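Note sheet for the following structure.
The values are calculated or read from the model by the stated rules, or taken from the named source; none is laboratory data. Keep in mind that this is a model prediction, so the values were computed, not measured. Heads up, the Cβs are rebuilt from the backbone with ideal geometry, glycines too, and the neighbour counts pull from every protein chain shown.
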Amino acid sequence: MVKRLIHIAILLFLTLSASAQQLYMQIEVLQPAEVKLPKEVRSLLLMDNTPLTGTVPRQCLFAAATALEDTERFDEASVLNTLASDIDSLLDLYDADAVLALNAIVLSDYEGKCFWTVHFSSKRSYSFFTNTELTPETEEPAAYVGEQMAFILAPYWETEDRYFYSDDNPQIRDGIWSVKRQDWEQAIEAWKHVEGDPSKAYAAANIAVALEMLDRYDEAIEWTDRAIKLFSRMRGADAAQQVVNLRYYGEQLNERKNFSL
């Protein structure tokens, strides 16, 4: 599972009709890294490729290596002690998946700018820039810049909101009780048998979220599409807003369905 439940609580507002409520749930969702490397890249060699002779580049690289190893994304990250130009030989020698080269680093009181290149082989590479905010009080700015770079290459946890609809339909309410116990399969089973508008639209949207909790993204997308069609048949500004919300939710599911560490 790529999420952690934080809490579930009933919101104090009504939606869609006087008898309909929404349950509010916060989860932590693992988001893809800002700079996406191939999944098979698990071991990194870090290399100083700058023209600088001081300690700044290596402070940056050692801090980056430590931070990268602390993430779930990478198995190993180590700093090379010498400069080298033969990428393929390095990858073979150290049994690594990629070389991460620091090409330039410029520090001021307010920012640290770096230019990096990931070499997957001598003929395949990808370059990117980082710009890290600093203050005059930042201790060891070169190391801080390296640590922050690691978060760009690694997935990160982000808190997101999820909503369940509830009304007077007994099966909707049975599913909600299962949600409070985090029994997603039981909730889905209850909601699959809901009939009648608008309860059927509520149930379809609820099933989509429950399937997401089970990491069944393709099915969650299918039920999101069903919910969109059902809400589209309903009149009123509230139903139209739910269509907008569900379309955005479907986009999120599509972005993450193939994502894993």
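With region 143-261 as the region, which helices (runs of 4 or more DSSP H) entirely inside it contain at least 3 residues that are within 20 Å of the chain's Cα centre (by Cα)? Walk me through how you get there before you give the answer.
Numbers: elements: 170-180, 184-191, 199-213, 217-232, 237-256.
Answer list for region 143-261: 199-213, 217-232, 237-256.
Looking at 52, 107, 37, 93, can you tell me which residue is without any contact (Cβ under 8 Å) to a residue 24 or more places away in the chain and out of contact with any Phe, Trp or Tyr (no Cβ under 7 Å at 6 or more places or on another chain)?
When all the criteria are applied, what remains is 93.
Condition test on residue 67, is it part of a helix (DSSP H, G or I), surrounded by 14 or more Cβ atoms within 10 Å (Cβ to Cβ) and out of contact with any strand residue (DSSP E or B) (no Cβ under 9 Å at 6 or more places or on another chain)? Please lay out each step first, then the result.
Numbers: part of a helix (DSSP H, G or I): yes; surrounded by 14 or more Cβ atoms within 10 Å (Cβ to Cβ): yes; out of contact with any strand residue (DSSP E or B) (no Cβ under 9 Å at 6 or more places or on another chain): no.
Answer is no for this residue.
In region 85-131, which residue that is β-branched (Val, Ile, Thr) and out of contact with any Ser or Thr (no Cβ under 8 Å at 6 or more places or on another chain) is farthest from residue 74 (Cα to Cα)?
Step by step, filter region 85-131, then rank; the result is 106.
Regarding region 48-63, can at least one residue be identified that is outside any helix (DSSP H, G or I), buried (at least 19 other Cβ atoms within 10 Å of the Cβ) and of a type in the set (Asp, Glu)?
Taking every residue of region 48-63 in turn, at least one turns out to be outside any helix (DSSP H, G or I), buried (at least 19 other Cβ atoms within 10 Å of the Cβ) and of a type in the set (Asp, Glu).
Taking region 176-203 as the region of interest, how many residues are under 14 Å from residue 20 (Cβ atoms) and not basic (Lys, Arg)? Talk me through it step by step, then tell me what you get.
So the first thing to find is which residues in region 176-203 are under 14 Å from residue 20 (Cβ atoms), and the list is 176, 194, 196-203.
Subsequent filtering for residues that are not basic (Lys, Arg) retains 176, 194, 196-199, 201-203.
Of the residues in that region, 9 qualify.
From 216, 181, which residue is closer than 29 Å to residue 73 by Cα, in the same structural domain as residue 24 (by TED's automatic domain parsing) and free of Cβ contacts under 8 Å to residues at least 40 places away in the same chain?
216
Looking only at region 89-105, count every residue that is among the aliphatic types (A, V, I, L, M) and exposed (fewer than 14 other Cβ atoms within 10 Å of the Cβ) and tell me the total.
Qualifying residue count, region 89-105: 1.
Closer than 19 Å to residue 38 by Cβ, assigned to a loop (DSSP other than H, G, I, E, B) and under 28 Å from the mean Cα position of the chain (by Cα) - does that describe any residue in region 94-109?
Checked against the condition, which is being closer than 19 Å to residue 38 by Cβ, assigned to a loop (DSSP other than H, G, I, E, B) and under 28 Å from the mean Cα position of the chain (by Cα), region 94-109 yields at least one hit.
Please determine, by comparing only the residues of region 159-217 that are among the β-branched types (Val, Ile, Thr) and touching a strand residue (DSSP E or B) at 6+ places or on another chain (Cβ under 9 Å), which one is modelled with the lowest pLDDT.
Among those that are among the β-branched types (Val, Ile, Thr) and touching a strand residue (DSSP E or B) at 6+ places or on another chain (Cβ under 9 Å), it is 159.
Go through region 112-138 and count every residue that is surrounded by 15 or more Cβ atoms within 10 Å (Cβ to Cβ) and in a loop (DSSP other than H, G, I, E, B).
Keep residues of region 112-138 that are surrounded by 15 or more Cβ atoms within 10 Å (Cβ to Cβ), which gives 112, 114-120, 130, 132, 134, 138.
From what is left, the residues that are in a loop (DSSP other than H, G, I, E, B) are 134, 138.
So the count comes out to 2.
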